[in-house]
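Undergrad: Got a structure here, written out as structure tokens. Questions coming.
We did not get these values from a lab; they are worked out from the coordinates using the rules stated. Computed from a prediction, not measured in an experiment: that's the story for all the values here. Glycine gets a Cβ as well: all are built from the backbone with ideal geometry, and neighbour counts include every protein chain shown.
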Amino acid sequence: MKTISAMSTQAALLMLALSLAACGGSATPEADAKTAMSGEAGHADEGGDADEPVKGPNGGRLLSEGDFALEVRIFEDGVPPEFRLYPTQGGKPVALKDVQATMSLRRVNGQPGGVTDTHTFAPKGDYLLSPAEVYEPHSYEVMVKASYGGKSYSWNYSSPEGLVEIAADMAKAAGMKVATAGEGVLHQTLSLYGAIQPNPERMREVTARFPGPVRSVSVNVGDTVRKGQTLATIESNESLQVYSVTAPIAGTLTARHTNPGESAGSETLFEIADFSSVRAELNVFPRDRGQLKVGQTVRITAADGAAKGEGTIGFVAPIGSANQALTARVVLDNGEGQWTPGQFINAEVTVGTTPAPLVVPMTALQGFRDWDVVFVNEGEKYQAQPIELGRKDGQNVEVLSGLKPGAVIVVENSYLVKADIEKSGASHDH
């Protein structure tokens, strides 16, 4: 799952506002990001009335048609959340055995069509009770059906909580990305540190083939040279012929030890290094030596975070240095020049892997209320979904419950969804 640069909510809103203003449309981006997290009592019944729903004597939502009314309450005092219905006729309780009622709750769960929970009710005490738990989040589209006295009744209303709608163009501008959750692998890692060094296999010392006076030198330290390029010319003492000293590899001239008029013998004249490949030298404590093997994957990050790369361990020293630390070596591609010899680095070595049936990236995880959540996506709707976490590594976390494989979730810039939900300032209200 690729990482992209984050964009603040304010920046995204500003971009949209300017775009709308330029087109003659609304300059209020909040109108395109409709946030709702008020719980069962926080939004009006279907029909467009924006007022708070009418409450019944038991504190629940009051649904009515003619003289018949049904009060819907979620009760969770000392018990798992459960629906309780209180039917009345003309304001007076009716015989519970004469009322039949069902509730259907359609939830956004990140899968096509969402999921629908059905609750059926039976008399208990002075109310009708559904035995099914109303699990979190209490966010759904509700359909209530009831029959009493030979008449049928139905109501529809929305009960959003931790839910936000964000226009597709706005989500794209904010850099939000979604992906499908599924099985994965958790990595056990060992943290090491070290530094970037030139790769000795990509370094050459250049000498004269025949001794004699140096007639010319055409390169300086720091110059980039190509393979076969003339570095100097020398007159042979034996043949008195002038011949060229050429670069054996392409790279950077790191040292020059001669000048015109000097005599060339067996000593090194030039040094060339090809920095398109470098070596990460990692310090290893003796106690960790047993966890390392040639071929293990290593993620390398510059100490300042400016560069990242990946390679495999090619060598682990059998003995330690004067400070007892061992050395592990990783060859890194440096074709783009992101690594500099002497640069300090941090490393994560994968020393083991464990498959997991359902994992999500750490970037998808957010704290919301008292939950760890991901944000499941359906069209332009984003729903906070509480999950139970299991094992984790530096990149992914196992999901034990609360999410189904195949769910579409926000995997990048998920904090923007949380910010949009929280800015409403609403509460969890039953």
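Undergrad: Using every pair of alpha-carbon atoms in segment 38-161, split the distances into 5 Å bins beginning at 0 and state the percent of pairs per bin, rounded to integers.
TA: Values per bin, smallest distances first: 2, 11, 22, 26, 21, 13, 5, 1, 0.
Undergrad: Testing the spin-label approximation: label points 7 Å from Cα along Cα→Cβ at PHE344 and ALA325. State their distance in nm.
TA: 1.1
Undergrad: Right, something else. Taking the beta-carbon count within 10 Å as an exposure proxy, list LYS92, LYS392 from fewest neighbours to most.
TA: LYS92, LYS392
Undergrad: Do any of LYS293/LYS392; LYS172/LYS308; LYS177/LYS418 go past 18 Å between their Cα atoms, and which?
TA: Violating the 18 Å Cα-Cα cut-off are LYS293/LYS392; LYS172/LYS308.
Undergrad: Right, another one. Any number yet on Rg/Rh for segment 94-201, C-alpha, Kirkwood?
TA: 1.32
Undergrad: Compute the angle between helix 9-22 and the longest alpha-carbon principal axis of the chain, please, reported from 0 to 90 degrees and rounded to the nearest 10.
TA: With rounding to tens, the tilt is 80 degrees.
Undergrad: Over segment 310-430, one equal point on each Cα, no solvent: what is log10 I(q)/I(0) by the Debye formula at q = 0.17, 0.23 Å⁻¹?
TA: For the requested q values the scattering log ratios are -0.93, -1.32.
Undergrad: Setting aside same-chain residues fewer than 8 positions from LYS124, which aspartates and glutamates have a Cα under 14 Å from its Cα?
TA: Within reach: GLU82, ASP98.
Undergrad: With labels modelled as points extended 7 Å from the Cα through the Cβ direction, what inter-label distance (nm, one decimal) is found for LYS172 paired with LYS145?
TA: 4.1
Undergrad: Follow-up question, since we're still on this one. Taking the highest mean first, how do the peptides 415-422, 200-207, 123-130 order by number of other beta carbon atoms within 10 angstrom per residue? Provide the component values of the computation, followed by the final result.
TA: Numbers: 415-422: 21.4, 200-207: 14.2, 123-130: 15.8.
Put in order of decreasing packing, that is 415-422, 123-130, 200-207.
Undergrad: For the chain, what does -39500 (n - 2.57) per DSSP helix run (n ≥ 4), summed and divided by total residues, give at 222 nm, in deg cm²/dmol to the nearest 500? Mind showing how you got there, number by number?
TA: Details: 3 runs with 29 residues, N = 430.
One gets -2000 deg cm²/dmol as the mean residue ellipticity at 222 nm.
Undergrad: A further question follows. Once the convex hull of the alpha carbons of segment 188-278 is built, what does its volume come to per residue, in cubic angstrom?
TA: On the way: hull volume 9.3 nm³, N = 91.
Expressed per residue, the convex hull around the Cα atoms of segment 188-278 is 102 Å³.
Undergrad: Would you mind checking segment 111-126 for residues with the amide N under 16 Å from a putative spin-label position 7 Å along Cα→C-beta of LYS97?
TA: Taking a point 7 Å out along Cα→Cβ of LYS97, the residues of segment 111-126 whose backbone N falls under 16 Å are 122-126.
Undergrad: Beta carbons within 10 angstrom, averaged per residue: use that to sort the peptides 148-154, 71-77, highest first.
TA: Working: 148-154: 12.1, 71-77: 17.3.
Highest mean packing first, the order is 71-77, 148-154.
Undergrad: Also, I was wondering about something else. Taking 0.36 nm per residue of sequence separation and subtracting the Cα-Cα distance, how much length would be gained by fully extending the chain between SER266 and GLU133, in nm to one decimal?
TA: Contour length minus the Cα-Cα distance gives 39.2 nm.
Undergrad: While we're on this one: [x] -0.32, -0.42, -1.26; [y] -0.36, -0.47, -1.32; [z] -0.59, -0.69, -1.20: which one is log10 I(q)/I(0) by the Debye sum over Cα atoms at q = 0.07, 0.08, 0.14 Å⁻¹ as calculated from this entry?
TA: Calculated log10 I(q)/I(0) by the Debye sum over Cα atoms at q = 0.07, 0.08, 0.14 Å⁻¹: the matching label is [z].
Undergrad: Now for a separate question. If packing is taken as the average number of other Cβ atoms within 10 Å across a peptide's residues, how do 371-379, 285-293 rank, most packed first?
TA: Output ranking for 371-379, 285-293: 371-379, 285-293.
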